[in-house]
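Reading through the structure tokens given below for one structure.
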Amino acid sequence: AVNAALAHRQPGSSIKPITYATALSSDYTPATVIYDVRQSFLTREGDAYVPQNYDRVYHGPISLRRALATSSNVAAVSVLDDIGLPAMLATARALGLNLYGDPERYGLSLTLGGGEVRLLDLTAAYGAFATGGERVQPVAVRRIVDARGEVIYERGAPTRDRVLDPRVAYLITNILADDTARIPAFGERSVLYLGRPAAVKTGTTTDWHDNWTIGYTPDLVVGVWAGNADNTPMNRISGVAGAAPIWHDVMDELLKGKPARAFAVFADRIHNMAF
């Protein structure tokens, strides 16, 4: 029996919002230009690391908004190289995301999914984007009632610790909910489109072992992992082809009959942050 929600798996590009949230917490904005060009980065071992995009194409100078929305690998590595691995790891820990294994072995590929996480933890981390930067601890049991109808256990209201600037949480949400910005990579009104405000990100490992799609509305966050329980690779199935249709249908069913809600702006004004 394999519980994929608690298994340690590589998340692919679904971890990129953590990198960009860290960047937006410093001096980056959604309008910051990032160069999606062939670049060589030096590893801790002194080797050259030359990341490639999923489509094997370099797209030149692009905005941070487009880099995240279209999931540019080169741009994500470039940003992580600039902000530093310790800063990204600090954001991940604040969001409740435990990256497993020896931290000393992490390199710039961490932003492309080079560290193992649990689906439950990464989904909860996305929940902090939906709540405006407040972390909510996931629980499995909220209430237990016996055969006589008496409550024998009830979990109190969860505490919400602010772990991220609400302006940063809003900007990440705004980008991940921008269907127009992701058109160059995913097309218009792809399976990621719900017909209501929804922020979503996919992930695919290079060996096709893991598909991820994690997304949320103001009411709900859902994370999906797809793959083979025996760890054999899938047949060139990407996150948007494997996990995303499941995410779309689950979200569609759970939100059926509920009015669409816009994401709240969690700050009176977003100072010095351009779109």
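Throughout, read-outs are computed from the coordinates displayed, never taken from laboratory work. Just so it is clear, the model here is predicted, and its values are computed rather than measured. FYI the Cβ positions are ideal-geometry reconstructions off the backbone, even for glycines, and counts take in every protein chain you see.
Put simply, the amide H of Glu116, placed in the peptide plane, has neighbours under 5 Å in Tyr100, leaving out anything fewer than 5 places away on its chain. Close amide H pairs (under 5 Å, H built 1.01 Å from N) link Leu220 with no residue at least 5 positions away or on another chain. Remark: the stretch 226-238, residue by residue, has Karplus-estimated 3J(HN,Hα) of 10, x, 9, 5, 8, 6, 7, x, 7, 8, 6, 9, 8 Hz, where x stands for each Gly or Pro and the curve is 6.51 cos²θ - 1.76 cosθ + 1.60 at θ = phi - 60°. Per-residue ellipticity at 222 nm, computed for the chain from helices alone with -39500 (n - 2.57) per DSSP H run of at least four residues, works out to -8500 deg cm²/dmol.
For the stretch 27-36, backbone phi angles converted through the Karplus equation (6.51, -1.76, 1.60; θ = phi - 60°) give residue-by-residue couplings of 10, 8, 9, x, 8, 4, 7, 10, 8, 8 Hz, Gly and Pro being listed as x.
Per-peptide packing, taken as the mean over residues of other Cβ atoms within 10 Å, places 41-53, 215-227 in the sequence 215-227, 41-53 from highest down. Size of the stretch 45-86: Rg and Dmax of its alpha carbons, in Å, are 11.1, 32. In degrees, nearest 10, range 0 to 90: what is the angle between the Cα axis of helix 85-94 and the longest Cα principal axis of the chain? Taking the Cα atoms of the chain, the angle to 85-94 is about 10 degrees.
Taking the inverse of the mean reciprocal distance over all distinct Cα pairs, the Kirkwood hydrodynamic radius of the chain comes to 19.3 Å. Once you divide the Cα radius of gyration of the stretch 1-64 by 2.2 N^0.38 Å, the number left is 1.46. Counting every Cα pair in the stretch 1-118, what percent are over 21 Å apart? Result: 36 percent of Cα pairs exceed 21 Å.
For the stretch 143-255, the relative contact order is 19 percent, taking Cα pairs closer than 8 Å that sit 6 or more residues apart in sequence and dividing their mean separation by the residue count.
Residues of the stretch 2-46 falling in the label zone of Asp81, defined by backbone nitrogen less than 15 Å from a point 7 Å along Cα to beta-carbon, are 34-46.
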